[in-house]
Amino acid sequence: MISVEPYTGTPKLMPLAFGLGAVGLVLTAVGAFTGDARATAHSYLIAFTYWVGISVSALLMVAIFHTAKAKWMTVLRRAMEAMANAIPILFVLGLGLIPLLKHLYPWVPGSELASHLSELEREHLGHKQHGYLNLPFFGARYLIYFGLWWFV
């Protein structure tokens with residue numbers, strides 16, 4: 001019979017992965033404050049949305065499998081739970097969007113994008129959608145969504 005040794009590579013690679021991630025975040029911050037802030041903000045938002053989507057999708061799949069009392073997904077469950085465990089880390093990484101909001105949305109006070117809008121568009125953003133498109137409600141939605149995902 002062939003003897004198979006367990007995989008022991010992960011603990012050795014974790015510090016390297018953490019270091020590469022930290023370097024990437026520092027370079028993103030440098031790009032945001034010294035280079036093209038708008039391009040950096042959009043890139044960061046797309047990457048953040050991508051990884052949040054994967055984590056929340058894994059969380060939903062685990063919930064569906066538990067609700068259906070599916071026995072066949074035992075092999076997938078641990079991997080999906082590990083993907084969903086990234087939600088607290090993504091909450092912290094999402095806070096990096098706060099200084100970039102003025103480069104992303106025209107409704108943020110002091111946004112450089114508001115100058116490209118017509119008078120009618122500015123009035124529409126300013127009056128009709130003010131209850132939804134403002135920083136306090138944006139922050140409240142952020143906390144509610146991540147709080148629910150973290151709780152689940």
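First measure r as the distance between the Cβ atoms of ILE2 and TRP51, then evaluate 1/(1 + (r/R0)^6) with R0 = 22 Å and state the FRET efficiency to the nearest 0.05.
0.05
Expressed in nm to one decimal, what extension gain is obtained for the pair LEU97 and ASN85 from 0.36 nm per residue of sequence separation less their Cα-Cα distance?
This chain segment gains 2.3 nm when fully extended.
Do any chymotrypsin sites (Phe, Trp or Tyr not before Pro) in the stretch 9-103 lie in a DSSP loop with no more than 10 other beta carbon atoms within 10 Å, and if so, which?
Within the stretch 9-103, the qualifying chymotrypsin sites (Phe, Trp or Tyr not before Pro) (loop, at most 10 other Cβ atoms within 10 Å) are TRP72.
Jot down the radius of gyration and Dmax of the stretch 1-98, Cα atoms only, both in angstrom.
18.0, 61
Leaving ligands and nucleic acids out of the surface, order VAL30, VAL108, VAL152 by accessible area at 1.4 Å, largest first.
Working: VAL30 75, VAL108 10, VAL152 110 Å².
These residues rank, largest area first, as VAL152, VAL30, VAL108.
When the accessible area of the stretch 1-120 is computed with all protein chains present and a 1.4 Å probe, what percentage of it is carbon and sulfur?
73 percent
DSSP loop (so not H, G, I, E, B), at most 15 other Cβ within 10 Å: list which trypsin sites (Lys or Arg not before Pro) in the stretch 34-75 pass both filters. Show your work: numbers first, answer last.
Numbers: sites: ARG38, LYS69, LYS71; in loops: LYS69, LYS71.
Here the trypsin sites (Lys or Arg not before Pro) that fit, given the DSSP loop and packing criteria, are LYS69, LYS71.
Quick one: among GLY21, GLY96, GLY110, which has the greatest mean-square fluctuation in a GNM of the chain with alpha-carbon springs under 10 angstrom?
The residue with the greatest mean-square fluctuation here is GLY21.
If you count only protein heavy atoms and use a 1.4 Å probe, how large is the accessible surface of LEU148, to the nearest 10 Å²?
LEU148 has an accessible surface of roughly 100 Å² with all protein chains in place.
Suppose the chain between ALA39 and ALA63 were pulled fully straight at 0.36 nm per residue; how much longer would it get relative to their current alpha carbon spacing?
Length gained between ALA39 and ALA63: 5.0 nm.
When the dipole is taken about the Cα centre of the stretch 1-100, and only Lys, Arg (+1) and Asp, Glu (-1) are charged at their Cβ, what size is it in debye, to the nearest 20?
320 debye
The values are calculated or read from the model by the stated rules, or taken from the named source; none is laboratory data. Fair warning: this is a prediction, and the values are worked out from it, not measured in the lab. Using ideal geometry, Cβ is built from the backbone for each residue, glycine included, and neighbour counts are taken over all protein chains shown. Note: accessible area is taken over every heavy atom of the protein model, side chains too, but ligands, DNA and RNA are not part of it. Shrake-Rupley method; radii C 1.70, N 1.55, O 1.52, S 1.80 Å.
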